[in-house]
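Encoded as structure tokens, the structure appears first; notes follow it.
No value in this document is a laboratory result; all are computed from the given coordinates. Since the model is a prediction, treat every value here as computed from it, not as a measurement. Counting neighbours? That spans all protein chains shown, and the Cβs are built from the backbone with ideal geometry, glycine included.
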Amino acid sequence: MGYRIVMDYKQNDLGRQANSGGAVLVDGCFYCPALPELLVSATGDQRAGTSRRRVRGIAAQSVFCAFLLMAANIRKIRAYRELVADRRTGEIAERARRRRMSIAEYRGPP
């Protein structure tokens, strides 16, 4: 059991601090000089509350579900447009008519 000094940088000390041998000192650690500026300023932005927020939980699932539905609808629309271009829309109408047919009208497979 003992004590440990806990220190953190002040808001104006965050981000790019120095260069040494081509490496960039950012928030107390050395990084590659090709580090994007978005990552260099990430800690300061996060503490200031200006960072981008992530979508999590049920919201993320809802957004993902919406994208899946959109992709499925785009595929269906694309397939229908191909059928229209090939003048085969009668096939679609016949399939839809068969699906709406009641059991009493069913005569077996065509």
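Computed about the Cα centre, the dipole magnitude for the stretch 57-105 is approximately 100 debye when only Lys and Arg (+1) and Asp and Glu (-1) carry charge, each at its Cβ.
Close amide-amide hydrogen proximity is noted between V26 and Q17, Y31, each under 5 Å apart and 5 or more residues distant or on a separate chain (H modeled in the peptide plane; Pro and chain starts excluded). Taken along its principal axes, the alpha carbon cloud of the stretch 57-105 reaches lengths of 47, 34, 5 Å, longest axis first.
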